[in-house]
1. Ordered by packing density, taken as the mean number of other Cβ atoms within 10 Å over each peptide's residues, highest first, how do 118-129, 205-216 rank?
2. So, in nm, how far is label Leu202 from label Tyr218 when the simple model puts each one 7 Å beyond its Cα toward the Cβ?
3. What net charge do the residues around Leu175 carry, taking every other residue with its C-beta under 13 Å from that of Leu175, with Lys and Arg at +1 and Asp and Glu at -1?
4. 7 Å from Cα along Cα→Cβ at both Cys103 and Glu40: what's the point-to-point distance in nm?
5. Report the number of Lys pairs in the chain whose alpha-carbons are under 30 Å apart, with separation of 8 or more residues or on distinct chains.
6. Let me check I've understood the local charge: for Val114, count other residues with C-beta under 14 angstrom from its C-beta, Lys and Arg +1, Asp and Glu -1. What total comes out?
7. Given a Förster distance of 45 Å, report the FRET efficiency between Ala63 and Ser194 from their Cβ-Cβ distance, rounded to the nearest 0.05.
8. Which order do the peptides 186-199, 65-78 take when ranked by the mean count of other beta-carbon atoms within 10 Å per residue, highest first?
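What follows is calculated from the coordinates using simple rules that are stated; it is not laboratory data. All figures in this text were calculated on a predicted structure; none of them were measured in a lab. Backbone-built Cβ (ideal geometry, glycine too); neighbour counts: all protein chains shown.
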Amino acid sequence: MSDPEFLPYHQLHGAKTALHPEVGPCFICEGRFLVESALEAGREGRLRVISLLCQESLEPEFAPRLPEGTRLLTATKAELSELLGFTFHRGVLCCVAVPPEPCENAILEASRLVVLPHVDNVENLGLILRSAAALGMDAVVAGRGPSPFERRSLRVSMGAAWKLPVIQREDPGPLLEAWRAAAPDSEIVGAALSPTALDARLWQPARRSALVLGPEAYGLDEDWLQRCDQTIAIPMAKGMDSLNVAAAGAILMFKMMG
């Protein structure tokens, strides 16, 4: 496997990002569903799929479905496991160029916006992105933390990072304030466990709503709470004190669908 096209797939176990020797930053999709979704986006011109790597037995199935310009790479199951650095059972992967960042107008024009000032856990980020796409959010602004295009985030999100506009900023605050200033009827709502928070069952989202979800361990800090027009909380039962941020986010995004 001396072909440099194999380099982005080398020793993926624990890897967060990948690099193609000519194209530059890229990401790896694993498994049939995610690969098929990336290939479809590639054929539609929404992604640049650099290469597809599969077991030799799968070549007849995938070769006719490649976007124009995509290289087909094949290997035995043993060769795949040695290349990737772990026993690989999914049979197929693809390497995709990281797409250009969406235009900020996609954020400013969003009626349903999700803002994540800081998410530590890559799987929580993936779950939040998956819910945002599935529940009809218009865009996501992510802050400090893992990239939406990290391998595990992509796998958990089922490719949501390229299915809706996602912008990452070290400090999402200025972009959120610009979103608020774009229309007079915009509201910023923070999910917070506080005595003054509105019961989420009573919340009626405005026509333009931004939902702010805080870090897993300690929630939104005071600076972010000050940016919010109101805070909401999901009432707990059976002595539970809170929900995982991805679960809470999904419930609140469902409320925003109506």
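1. Values: 118-129: 22.9, 205-216: 20.6.
Ranking, from highest mean packing down: 118-129, 205-216.
2. 3.0 nm
3. Within the 13 Å Cβ shell, the charges total -3.
4. 2.5 nm
5. Qualifying lysine pairs in the chain: 4.
6. Residues near Val114 contribute +4 overall.
7. Between Ala63 and Ser194 the formula returns 0.20.
8. Top to bottom by mean Cβ count within 10 Å: 186-199, 65-78.
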